[in-house]
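Q: This is the structure, below, for whatever I ask next.
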Amino acid sequence: MRAIVYDRYGPPEVLEVRELPSPVPAAGEVLVRVRAAALNPKDSLIRKGKFRAVTRGRFPRLLGYDVAGVVGAVGERVTRFRVGDDVFGMKQAWAGGTIAEEVCMLGDELALKPPKLSFEDAAALPLAGLTALQALRDEGRLKPGQKVLINGGSGGVGVFAIQIARALGAHVTTTSSARNLELCRSLGAHETWDYAAKNGLEPGAGWDVFFDVFGNRRFSVVRAALSPTGTYVSTVPAVNTAVLHVLTRFSARRARLVVVNSNGRDLEQLAQWAHAGTLAAVLDRVVPFTEVGSGQAHVETKRARGKVVIAVASS
Ligand SMILES: NC(=O)c1ccc[n+]([C@@H]2O[C@H](COP(=O)([O-])OP(=O)(O)OC[C@H]3O[C@@H](n4cnc5c(N)ncnc54)[C@H](OP(=O)(O)O)[C@@H]3O)[C@@H](O)[C@H]2O)c1
C-alpha cells in the first residue's frame, strides 16, 4: 500500500509517496481502507520538528490523524465493526498514518460514518470536531443560554465550534477576518466581529466561555472580560496555559487547555449531529493524495476556511 512518509524534519518538500507493507490489525484494532483523510496544523508542526521531545526523531514518519474509509479487516475482540462498514475517526497521540491507503486504528478511535455524509466531509470532522466539542462541553462546561466568544471561527476547529456551541444552546459570538464574517453567520453565529475592529476583550464583556481557538489571547488579557464564573479555554499547549490549567482549577474564573481525545462516544455524538444536519463540514479544498505538500502549505498560511481534505482513494 502507498503512504505519505518523510525521513527528516523540514518543509513540505520532505514528503514523498512510498510503498509500504499492508498493516495487520492487532487485537482491538481495525484496518481501514482509507478513502479520505484531513490535514491539521499538528501534522505541519510535527513535520517541522516542533514536537521533537515526543516524536524523538524516529523516521520514517507517517502523516495524518483524521480518516474516513471502509473497514478492510478487524482484529480479535473487535465487536463494534464488521468488514465493509463505512467508518470515520481520529488516530490518537503522535504516530499518525491516515494519509495512506490503509491504516490500523483502535476500535475506540472510530465510529460508523453517517450514510448521507461523503467520505470527504466525514474525514473533516474528527480531530477538529472533537476538539471543539471537548473544549466547549468538557473544559468550558458551556450551558444553554450562556454567552460564548469563539476567537477564530472560520478555521478547522472554529467552524465546528460555532455549530457545536449552537447545538449546546449558547448565544454565540465569533471573530474572524472580514472576508469570513458571512461564513461564520451562515454556520449559526448570532454575532460576528472582524477581529481587526472588535476583539471581545473589553472588561465586563461577561463571557461565560471565551474559546481562544486561534490561540493569540492570554488568560491574563481575557480574565476581566469573563463573567464572574467564566472560563477561558485555549487550544495552544504553551507552558503558561498548562500551568494555569492546574492553578485555576478551583478558582471562580478558570483557564483550561483542551487536549483532544479520540473516543467512540464523542465520535458518535458528532455523527448524530451530522446525520441530523446540526453539524456540517466546511471544506476549504480537497487535495489529491500526491499533492499533500501543497495542502500543508495552505494550512500553514493560517488562512484556511474550514478543513483541507486529502482524497486518498475513490473506491
Ligand atoms: N490542543 C489540541 O488538542 C488542539 C486540537 C486541534 C487544534 N489545535 C490548535 O488549535 C489551533 C487552531 O487549529 P485549526 O485547525 O482551527 O487551525 P486553522 O484551520 O489553520 O485556522 C485557520 C483560521 O485561523 C484564522 N485566523 C488567522 N489569524 C487570526 C487571528 N489573528 N485571529 C483569529 N483568527 C485568525 C483564519 O481566519 P481568517 O482567515 O478569517 O483570519 C483561518 O480561518 C492551532 O494552533 C492548532 O494547532 C489544538
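Q: How much mean residue ellipticity at 222 nm does the chain get from its helices, if each DSSP H run of length 4 or more adds -39500 (n - 2.57) and you divide by all residues, to the nearest 500 deg cm²/dmol? Kindly include the intermediate steps, with their values, before the conclusion.
A: On the way: 10 runs with 77 residues, N = 315.
The helix-only estimate for the chain comes to -6500 deg cm²/dmol at 222 nm.
Q: For the chain, what does the accessible surface come to per residue with a 1.4 Å probe? Please give it in Å².
A: In whole numbers, the chain has 43 Å² accessible per residue.
Q: Looking at the range 8-44, which trypsin sites (Lys or Arg not before Pro) are DSSP coil and have at most 12 other C-beta atoms within 10 Å of their C-beta?
A: Passing both the DSSP loop test and the Cβ count: R8.
Q: Oh, and also: With a 1.4 Å probe and every protein chain kept in, tell me what percent of the accessible surface of the chain is carbon plus sulfur. Please report the intermediate quantities before stating the final value.
A: Details: 7210 of 13410 Å².
In the chain, the share of accessible area belonging to carbon and sulfur is 54 percent.
Q: Between the alpha-carbon centers of the range 246-269 and the range 84-154, tell me the distance in whole angstrom.
A: Going from one Cα centre to the other spans 15 Å.
Q: Just check the range 239-315 against the gyration tensor rule for me: Cα atoms, a ≥ b ≥ c as the square roots of the eigenvalues, rounded for a/c under 1.5, and otherwise prolate or oblate depending on whether a/b exceeds b/c.
A: Here the range 239-315 falls in the oblate category.
Q: So if each residue of separation counts as 0.36 nm, and I subtract the Cα-Cα distance between D138 and T278, what length gain in nm does that give? Show your work: numbers first, answer last.
A: Numbers: separation 140, 0.36 × 140 = 50.40 nm, distance 1.93 nm.
Taking D138 through T278 to full extension adds about 48.5 nm, to one decimal.
Q: What distance in nm separates the two pseudo spin-label positions at A26 and N216, each 7 Å out from Cα along the beta-carbon direction?
A: About 4.2 nm, to one decimal.
The values are calculated or read from the model by the stated rules, or taken from the named source; none is laboratory data. Quick caveat, the model's predicted, so the values are computed rather than measured. Neighbour counts run over all protein chains shown; Cβ positions are idealised from the backbone, glycine included. Side chains are part of the model used for accessible areas, which takes the heavy atoms of the whole protein and leaves out ligands, DNA and RNA. Shrake-Rupley method; radii C 1.70, N 1.55, O 1.52, S 1.80 Å.
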